[in-house]
Amino acid sequence: MNGTKSPYFAAAATRMQKTVAKPKRNATRAQIELPVAGNGVKLEPKEEESVTVPVKKPRRQKIKPEIEGGEIKTEMANALSLIKSEDVKQEISDGGWSPPNWEALYANIQKMRENRTAPVDSMGCDKVNDQDVPPAVQRFQCLISLMLSSQTKDEINFAAMTRLREHGLTVQSLIDTSEEKIGQLIYPVGFWKTKAKYIKEVCQVLKDKYDCDIPRTVAELCKLKGVGPKMAHICMSSAWNEPSGIGVDTHVHRISGRLGWTQKECKTPEHTRVALESWLPRDLWVEVNWMLVGFGQEICRPVGPKCNECLNRFMCPTGQNWTPSPKKNPSPKKKPSPKKKVKE
C-alpha cells in the first residue's frame, strides 16, 4: 500500500499548507497629495491650533517649625501657645468642679515641705539674683536663670548662673561677650549651644526695645526667643511680683496627674495649667510651683517615687496602688585572684 496516497497523509498535508505563515507586508507611509488651487498652486496645510492643557497647581506643603536642640526656632511658636491656651480654656469646663480632699492633700504636702531641703529651695531661679544690683538687673538675671532652667537640674543651673555673675551678668556685658564664650560659661546646661544663641538675641532685643529691662506682660515675654508660658508666668511672679498664672513644669504636671487634680487627663503642661487655675485659689498660684517642684524632687519622683514616705499615700490614687519594689540580692563579692608568681 502506497502511504503517500493514503487519505490520512493527504489530510495532514492539507492542514500543513493552511498553517504556513504568510509573508508580512511592508508598511508604507501614505502620501497625502495637497489640494491644488485653481491657479495650479498647491495649498500649504494650515498650522495646527495650539491646545492649552490645564496645569495642576502644586499642593501646598505643610511647613513644620524647625527644631534645634529640642527648642522651637519659629518666632510664632510662643505666640501660638498663648492662642492655644485660650482654646484649652474652652475645652476644659470647670463647672465648679474641684478635686475631692485637695485641701487635705495640699496640707500634707506643706507639712512634708516644712524643712525646705529640696534643691529648688536653695538653688531655684529666684535664689540666684544678685541683691546688690539695681532692680532692672535683678529682673534680667531672673529671666536668664529661667531660660537656662529648661531641661536642666537646679544644681547645674545654679553653677552656670554663678559663673555668669562672676563674668558680669548685665544686658550690655552679655552683648559684648561672644556667643562662644557664653556657651563656655553656661555649659553643661541642657541645649547650651541653642541657649547661648538665644541669650545673645534676647539681650539685643532688651536693649533696643526695653531699655535693658524685661517685658512686663506674659505676651511680650513669650515673644522672646527661648521663653515659653511656664517661664513667663514664673518671671511675672518672681521678677515683677505680679502673679499672672501658675508655672507648670514637669514636676507640677506629673504630680497633678497622680493626685487626680485635673478633671480630665491632661497631655501637656499647658492643659494642666488651665485645669489647675480653674479651681485652685488664686492666692496659691505662686507657691504651688515651688511647693510641688520640691515635693517632686524629694518624694514624688518621676521614677521610683517614695510612696512609703508620703503622707498622702492612702488618699492618692497612685499611692493606693503602690507596691514596694523587690530588693535585689547583693551580688557576691569576687575573691581576689591569687597573684601569679613570676619565675626568676
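Taking region 152-185 as the range and being touching a helix residue (DSSP H, G or I) at 6+ places or on another chain (Cβ under 9 Å) and β-branched (Val, Ile, Thr) as the test, the residues that pass are Thr152, Ile156, Thr170, Val171, Ile175, Thr177, Ile182.
Return yes when Ser173 is under 26 Å from Gly294 (Cβ atoms), assigned to a helix (DSSP H, G or I), open to solvent by less than 40 Å² (accessible area, probe 1.4 Å) and out of contact with any His (no Cβ under 6 Å at 6 or more places or on another chain) and no when it is not. The answer is no for Ser173. For Asp130, the criteria (1) out of contact with any Phe, Trp or Tyr (no Cβ under 9 Å at 6 or more places or on another chain); (2) under 18 Å from Cys203 (Cβ atoms); (3) in a helix (DSSP H, G or I); (4) charged (D, E, K, R) hold in every case but one, which is (3). Evaluated against (1) on the phi > 0 side of the Ramachandran plot; (2) crowded, with 22+ Cβ neighbours inside 10 Å, Gly304 falls short on exactly one condition, (2).
Conditions tested, residue by residue: (1) within 29 Å of the chain's Cα centre (by Cα); (2) among the basic types (Lys, Arg); (3) not in a loop (DSSP other than H, G, I, E, B).
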{"position": "Leu105", "(1), (2), (3)": "no, no, yes"}
{"position": "Lys111", "(1), (2), (3)": "no, yes, yes"}
{"position": "Arg116", "(1), (2), (3)": "no, yes, no"}
{"position": "Ile144", "(1), (2), (3)": "yes, no, yes"}
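The requirement of being surrounded by 16 or more Cβ atoms within 10 Å (Cβ to Cβ), closer than 30 Å to Glu201 by Cα and without any contact (Cβ under 8 Å) to a residue 40 or more places away in the chain is not satisfied by Ser238. If a residue must be open to solvent by 30 Å² or more (accessible area, probe 1.4 Å) and either closer than 18 Å to Glu103 by Cα or among the hydrophobic types (A, V, I, L, M, F, W, C) (or both), how many such residues does region 261-278 contain? Counting residues in region 261-278 that are open to solvent by 30 Å² or more (accessible area, probe 1.4 Å) and either closer than 18 Å to Glu103 by Cα or among the hydrophobic types (A, V, I, L, M, F, W, C) (or both) gives 3.
Scoring Val205 on the criteria (1) surrounded by 17 or more Cβ atoms within 10 Å (Cβ to Cβ); (2) in a helix (DSSP H, G or I) leaves a single failure, condition (1).
The values are calculated or read from the model by the stated rules, or taken from the named source; none is laboratory data. All of these numbers come straight from a predicted model, not from anything done at the bench. A quick note on method: Cβ atoms are made from the backbone with ideal geometry, for glycine too, and the neighbour counts reach across all protein chains shown. Each accessible area value is taken on the protein alone, full model and side chains, heavy atoms only, with ligands, DNA and RNA left out. Shrake-Rupley method; radii C 1.70, N 1.55, O 1.52, S 1.80 Å.
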